[in-house]
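Inspection log for the structure reproduced underneath, given as structure tokens.
Taken together, the values in this text are just the output of simple stated rules run on the coordinates, not laboratory data. On a predicted model such as this, the values are computed, not experimentally measured, just so you know. Reconstructed Cβ throughout: ideal geometry from the backbone, glycine too, with neighbour counts over all protein chains shown.
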Amino acid sequence: MADAVATFGGGCFWCLEAVFERLAGVSDVTSGYCGGADPNPTYEKVCGGRTGHAEVVRVSFDPTVVSFGTLLEVFFLSHDPTTLNRQGADIGTQYRSVVFFHDADQEAATRAHIANLNASGTLAGPVVTQIVPETRFFPAEDYHQDYFRNNPYAPYCQVVVASKVSKLLKAFPGKVSPT
């Protein structure tokens, strides 16, 4: 079976990439940009808030090993979906919480997941995650790919990214890839 694809934005793409690439059934995670009007986004332009793009990850996965529903669980655990255009110290629409769905099933699953989260009362407030169709994905520059793996001792990785990976390992021990 061919891999399926999902695209998520939830703050800095380095964090989401480090989390998703540890899941069994995920074959590739690419950091990039999506959702804006600029046909040539760069990290500098996106971070400056001038493109309309969000920092995102595109996740290629084997749905016979890991479901889109599990990806949603991991996504919503990995960031705060109740803060509009902000994740920690990262502020702006480029850090918005967003699911760029690839088909009607992903859209429906995302809407249902958010409804369940809101009904559960477990979050600090209502989910503000956008649910929009993916139009065009732009891979980020090479130095952003596998950032945590390549820069584990960078201060941001030590403080922010590592804590998100640790949270995943505790919450989903049976779904983490052994490699």
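Considering only Thr93, Ala162, Ser67, and ranking their Cα positions along the charge dipole of the chain that arises from unit charges at the beta-carbon of Lys, Arg, Asp and Glu, the one farthest toward the positive end is Ala162. Each eigenvalue of the Cα gyration tensor of the chain, multiplied by 5 and square-rooted, gives one semi-axis; in descending order these are 21, 20, 18 Å.
Extending 7 Å from Cα along the Cβ direction at Tyr43 and again at Asp105 yields two label points whose distance is 3.5 nm. The aspartates and glutamates within cross-link reach of Lys45, meaning a Cα-to-Cα straight distance under 14 Å and a gap of 8 or more places when in the same chain, are Glu55, Glu141.
Which chymotrypsin sites (Phe, Trp or Tyr not before Pro) from the range 89-167 combine a DSSP loop assignment with at most 11 other Cβ atoms within 10 Å? Each step should come with its number before you reach the end.
Numbers: sites: Tyr95, Phe100, Phe101, Phe137, Tyr143, Tyr147, Phe148, Tyr153, Tyr156; in loops: Tyr153.
In loop regions of the range 89-167 (DSSP not H, G, I, E or B), the sparsely surrounded chymotrypsin sites (Phe, Trp or Tyr not before Pro) are Tyr153.
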